[in-house]
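The values are calculated or read from the model by the stated rules, or taken from the named source; none is laboratory data. Since this is a predicted model, take the numbers as computed values, not measurements. In this analysis, Cβ positions are derived from the backbone assuming ideal geometry, glycine residues included, and neighbour counts consider all displayed protein chains.
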């Protein structure tokens, strides 16, 4: 198998499967989607991520056909989908509640849409068997939904949604009803099924970890706009603004003023504190307000002042979050600024070096932080 990287969004010759062109959606005076243009490509697993009320569900409902854009156009495979009713679109939606028919067996639930489309009986049987195999439900075909677990019901809903071979499958908070361990397992199953079928998946979630795990690209939304749409790695390592840096993962954000120095900037952030240092390809005016975003795993914690560190600050341990494999130290500087440092717990608890109230040094390199505009 060739190791070509799946990144159709970087290839100008690849036509997107879905195109939002200047789409606005209003409900009365409320603007749910604010003049958005973006593309989703065939075989992508695309995540719409954001807090409640950011517009992600409205975006999905427009794709499904339950809402129409107030302005702008949505194209699916080059065709304007606004005039096409939901049941005639090459789009299927899997709801958070799964919406299975309680009186029908797993087999009949999966076959339901195919029967309604008057598919030939033997073709239905072949397709249902294929879907049962794909979702590993062969043993449960004769059972009713109440006789199987939540995770299995989720797979029945997925099999039913995929049975009609849609070009696009919409998943609305699909794992919301599952417990943490099952969610994690199911995330990998979803990715596996998406890869095997080659169907384009668009998932709506407010769970950043879920979006970062399953998606080829994540669109971070706020107030009806996509703030940044990119691969999970780039969103985490190269957020384009404070909102995205803060929304994804754990982060410390230090506000300061930038002054050009060599190939980077010195950041003055508090009276009497040493300036911090960061390199960036963005340009800042001298004295411009900036924000330095630093991920806790990039901050080293030591008892002694580290030699030759680009950034070194001293503070007192205020809190320790013990997460089993990791510990996150919340260290308060004399200015009141709190910086987080995360280290892997490779030693037993009794051998740990630091505890509450200890005075420690924190250090990081000049490339560790991301410098963002004010």
Checklist entry - Which of the residues that make up the range 156-183 are part of a helix (DSSP H, G or I), under 24 Å from residue 51 (Cα atoms) and in contact (Cβ under 8 Å) with a residue 12 or more places away in the chain? => result 182, 183
Item to check | Elements of type strands (runs of 3 or more DSSP E) contained in the range 194-313, each with 1 or more residues being within 30 Å of residue 53 (Cβ to Cβ) and not assigned by TED's automatic domain parsing to the domain that holds residue 93 | outcome: 252-261, 288-294
Item to check | Residue satisfying condition, being buried (at least 20 other Cβ atoms within 10 Å of the Cβ), touching a strand residue (DSSP E or B) at 6+ places or on another chain (Cβ under 7 Å) and under 26 Å from residue 40 (Cβ atoms), within set 93, 131 | outcome: 93
Next on the checklist: If I filter the range 1-28 down to residues being closer than 19 Å to residue 62 by Cβ and more than 24 Å from the chain's Cα centre (by Cα), which single residue comes out as surrounded by the fewest Cβ atoms within 10 Å (Cβ to Cβ)?
Outcome noted: 28
Checklist entry - Inside the range 133-155, can you point out the residues that are part of a helix (DSSP H, G or I) and either at pLDDT below 90 or more than 14 Å from residue 103 (Cβ to Cβ) (or both)? => result 133, 134, 138, 139, 140, 150, 151, 152, 153, 154, 155
Next on the checklist: Can you pull out every residue in the range 62-83 that is surrounded by 12 or more Cβ atoms within 10 Å (Cβ to Cβ), in contact (Cβ under 8 Å) with a residue 60 or more places away in the chain and within 16 Å of residue 42 (Cβ to Cβ)?
Outcome noted: 63, 76, 77
Checklist outcome for this item: Among (1) within 26 Å of the chain's Cα centre (by Cα); (2) surrounded by 14 or more Cβ atoms within 10 Å (Cβ to Cβ); (3) more than 21 Å from residue 240 (Cα to Cα), residue 292 falls short only on (3)
Next on the checklist: Condition first: free of Cβ contacts under 8 Å to residues at least 40 places away in the same chain and touching a strand residue (DSSP E or B) at 6+ places or on another chain (Cβ under 9 Å). Now tell me which residues in the range 213-230 satisfy that.
Outcome noted: 227, 228, 230
